[in-house]
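Asker: Encoded as structure tokens, here's the structure I'll be asking about.
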């Protein structure tokens with residue numbers, strides 16, 4: 001995220017977990033003081049809980065910024081605010097507050113089938129260390145990509161000199177894609193919604 005550009009900041013668990021807070025900043029300069037507004041989290045399900053993961057959502061449309069609880073956008077709204085001078089949102093970032101620790105699970109919505117795009121988000125000579133469910137001999141990276149596209153299980157592939165390894169996630173929450181350095185190998189991640197949702201680039 002380019003902090004020189006305007007951005008919205010949604011803070012869950014603000015004020016010692018008693019409020020949620022929205023901050024609208026013109027840039028990363030804290031002066032003049034940015035616009036802020038808060039909502040009381042009077043019921044427990046609207047608060048963070050260190051003993052369990054809880055689902056929260058944020059949406060933006062036409063300058064209307066909303067946030068709420070649960071996995072369904074628009075349901076169980078905690079707060080809503082209309083920006084009189086909205087700006088387009090082109091990216092998001094997630095972080096913990098200063099001197100706090102926490103884990104996040106990011107849910108992404110995939111519309112329709114995989115696109116024809118495969119992107120390399122990693123440097124060369126890296127091989128992804130995931131479940132190789134189908135090692136095949138294919139003459140080109142393009143043919144390997146077509147093989148992966150046809151298979152919903154495939155999240156991407158390793159390729160090196162006619163060797164194609166179709167990869168899949170194992171069960172459980174994935175928080176990172178493990179990689180190892182190996183000369184000649186390249187990893188290509190499957191993309192959805194054209195180039196907007198590419199699995200390796202999200203983690």
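Asker: Please work out the Cα center distance from the range 51-93 to the range 141-188, rounded to the nearest Å.
Answerer: With the range 51-93 and the range 141-188 each reduced to a Cα centre, they are spaced 33 Å.
Asker: Next up: Do the sum for the chain: with -39,500 (n - 2.57) for every DSSP H run of n ≥ 4, divided by all residues, what is the mean residue ellipticity at 222 nm, to the nearest 500 deg cm²/dmol?
Answerer: -2000 deg cm²/dmol
Asker: Can you bin every Cα-Cα distance in the chain into 5 Å intervals starting at zero and give me the percent of pairs per bin, rounded to whole numbers?
Answerer: Result, from short to long distances: 1, 6, 12, 15, 15, 13, 11, 10, 8, 5, 2, 1, 0 percent.
Asker: In what sequence, highest mean first, do 88-97, 160-169, 69-78 appear when ranked by Cβ atoms within 10 angstrom?
Answerer: 160-169, 69-78, 88-97
Asker: Related question: Given a Förster distance of 45 Å, report the FRET efficiency between residue 17 and residue 129 from their Cβ-Cβ distance, rounded to the nearest 0.05.
Answerer: For R0 = 45 Å, the calculated efficiency reads 0.75.
Asker: Could you give the length gained on full extension between residue 9 and residue 136, defined as 0.36 nm per residue of separation minus the Cα-Cα distance, in nm?
Answerer: 41.1 nm
Asker: Okay, next question. Can you pull the one-decimal nm distance between simple spin-label points at residue 42 and residue 160, each 7 Å off the Cα toward Cβ?
Answerer: 6.1
No value in this document is a laboratory result; all are computed from the given coordinates. This structure is a prediction, so every number in the text was calculated from the model and none was measured. Heads up, the Cβs are rebuilt from the backbone with ideal geometry, glycines too, and the neighbour counts pull from every protein chain shown.
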